[in-house]
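A short write-up of the structure that comes next.
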Amino acid sequence: MDKLKNIEHISLSKAWATLDRIDYDYKFKNGNWKRLSRETYNRGNGAAILLYNKERGTVILTRQFRMPIFENNPDEGMSIEACAGAIDNNDHPLETIIRETEEEVGYKIKEAKQVLTAYTSPGALTEKMYLFIAEYDDTMKVNGGGGLDTEDEEIEILELSFVEAIEMVKTEHIRDAKTIMLLQYAEINKLLD
């Protein structure tokens, strides 16, 4: 971009993910250049999936503790979300979501349809989320799910009616952006009618 120059990365942390301060010169519409500074948090990209059963009118979601949510509001530390995970190394988003579906909720899917791609907090996070949908049925259940002990996961699996899940968005029991997007995608596209 011709509106950017003198980009400088200053590493603030390389713990679980990378936190950088990025200083740069930005040219505004009036032609003036200004030195700006922003922090970016890079934990890589992720994938999420809404599993749905047309016959029963149900969806599979998860519930787990999220420290950043607790930090914002201790009454909201438990989060109801679509199954999701970080994309490792050079994995394809589809490979990631197939693996995460089995690990987190215990269903073995062979395919999924990518329906959306989104930056959920572009002012601070570099993460791009690849959002999928797939149908499920009882024959696909291969284990109890719940996540991996090696990743310190403790995930509760929820099978909810689609109507109940949509109501939980309206009542703010579901506040996770990727989950709301997937549920609204399902509603708009009448996946469970």
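The values are calculated or read from the model by the stated rules, or taken from the named source; none is laboratory data. Since the model is a prediction, treat every value here as computed from it, not as a measurement. FYI the Cβ positions are ideal-geometry reconstructions off the backbone, even for glycines, and counts take in every protein chain you see.
Tell me, which residue of the range 96-122 that is among the hydrophobic types (A, V, I, L, M, F, W, C) and in a strand (DSSP E or B) is nearest to Met140 (Cα to Cα)?
Let us first name the residues in the range 96-122 that are among the hydrophobic types (A, V, I, L, M, F, W, C), namely 97-98, 105, 109, 112, 115-116, 118.
Checking which are in a strand (DSSP E or B) leaves us with 115-116, 118.
Working: Val115: 22, Leu116: 24, Ala118: 28 Å.
Checked the range 96-122; the qualifying residue nearest to Met140 (Cα to Cα) is Val115.
Give me a count of the residues in the range 123-170 that are in a helix (DSSP H, G or I) and under 21 Å from Asp91 (Cα atoms). Step through it out loud before you land on a result.
At the first step, the residues of the range 123-170 found to be in a helix (DSSP H, G or I) are 138-140, 149-151, 162-170.
Checking which are under 21 Å from Asp91 (Cα atoms) leaves us with 150-151.
The qualifying residues number 2.
When the range 144-167 is filtered for residues that are surrounded by 15 or more Cβ atoms within 10 Å (Cβ to Cβ), of a type outside the set (Asp, Glu) and touching a residue at least 24 places away in the same chain (Cβ under 8 Å), the ones remaining, listed by number, are Gly145, Gly146, Gly147, Ile155, Ile157, Leu158, Leu160, Phe162, Ala165.
Candidates Lys141, Lys190, Lys170, Lys178: the one that is surrounded by 13 or more Cβ atoms within 10 Å (Cβ to Cβ) and either of a type in the set (Phe, Trp, Tyr) or farther than 14 Å from Gly106 by Cβ (or both) is Lys178.
For (1) in a strand (DSSP E or B); (2) under 19 Å from His173 (Cβ atoms); (3) in contact (Cβ under 8 Å) with a residue 12 or more places away in the chain, each residue gets a yes or a no:
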site	(1), (2), (3)
Leu61	yes, yes, yes
Phe70	no, yes, no
Asp75	no, yes, no
Ser79	yes, yes, yes
Asn89	no, no, no
Leu94	no, no, yes
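The one condition from (1) surrounded by 13 or more Cβ atoms within 10 Å (Cβ to Cβ); (2) modelled with pLDDT of 95 or more that Glu104 does not meet is (2).
Just to check your reading of the model, which residue among Lys54, Lys14 is of a type outside the set (Val, Ile, Thr) and not assigned by TED's automatic domain parsing to the domain that holds Glu164?
Selected residue: Lys14, the only one of Lys54, Lys14 that is of a type outside the set (Val, Ile, Thr) and not assigned by TED's automatic domain parsing to the domain that holds Glu164.
Scoring Lys110 on the criteria (1) surrounded by 14 or more Cβ atoms within 10 Å (Cβ to Cβ); (2) free of Cβ contacts under 8 Å to residues at least 24 places away in the same chain leaves a single failure, condition (1).
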